[in-house]
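The structure appears below as structure tokens.
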Amino acid sequence: MSHQLDPNTIYTPRETAQILKISQSTIKRLLKQGLIRANKVGGQYRIIGHEILRLISPDVDQKATNVYQKIKRKTIQMLK
């Protein structure tokens with residue numbers, strides 16, 4: 001199964017395991033160790049795509065964050 005990783009999409013641990021091509025037990029271990037940041041919703045973990053991107057490519061994640069922050073600043077200035 002092939003996934004396109006969207007930084008703004010919320011993924012389940014199962015979907016995250018498929019994207020990273022690792023087992024669900026490995027995902028659970030990473031979550032418990034705090035190596036993957038996630039939120040619990042209704043007792044189940046949810047992982048934002050941005051977090052998955054941070055894990056697999058910190059440089060790309062940082063560049064995307066910088067671009068977003070620049071656009072956000074410009075938008076705020078325009079609205080003032």
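Just a few scattered comments:
- Among residues of region 35-46 that are basic (Lys, Arg), those with a beta-carbon under 7 Å from a residue that is in a loop (DSSP other than H, G, I, E, B) and surrounded by 12 or more Cβ atoms within 10 Å (Cβ to Cβ) at least six positions away or on a different chain give the pairs Arg46/Thr12; Arg46/Ala38.
- Residue list for region 18-48, restricted to those being more than 27 Å from Asn66 (Cα to Cα) and of a type in the set (Gly, Ala, Ser): Ser23, Ser25, Gly42, Gly43
- Of all residues in region 20-70, those that are closer than 15 Å to Asn8 by Cα and of a type in the set (Asp, Glu) total 2.
- On inspection, Asp59 fails the criterion of being exposed (fewer than 15 other Cβ atoms within 10 Å of the Cβ), among the acidic types (Asp, Glu) and in contact (Cβ under 8 Å) with a residue 24 or more places away in the chain.
- Failed condition for Gln77, given (1) within 16 Å of the chain's Cα centre (by Cα); (2) in a helix (DSSP H, G or I); (3) surrounded by fewer than 13 Cβ atoms within 10 Å (Cβ to Cβ): (1)
- Scanning region 33-53 for residues that are part of a helix (DSSP H, G or I) and in contact with a strand residue (DSSP E or B) (Cβ under 8 Å, 6 or more places away or on another chain), we see that the one that is surrounded by the most Cβ atoms within 10 Å (Cβ to Cβ) is Ile52.
- Residues in region 1-17 that are touching a strand residue (DSSP E or B) at 6+ places or on another chain (Cβ under 9 Å) and hydroxyl-bearing (Ser, Thr, Tyr) were compared, and the one that is farthest from Asn66 (Cα to Cα) is Thr12.
- Selected residue (criterion: surrounded by the fewest Cβ atoms within 10 Å (Cβ to Cβ)) from residues of region 1-32 that are charged (D, E, K, R) and outside any helix (DSSP H, G or I): Lys21
Here, each number is a calculation from the coordinates, and none is a lab measurement. It should be emphasised that the depicted structure is a prediction, and the values quoted were computed from it without experimental measurement. Here Cβ is always computed from backbone atoms with ideal geometry, including for glycine, and neighbour counts include all displayed protein chains.
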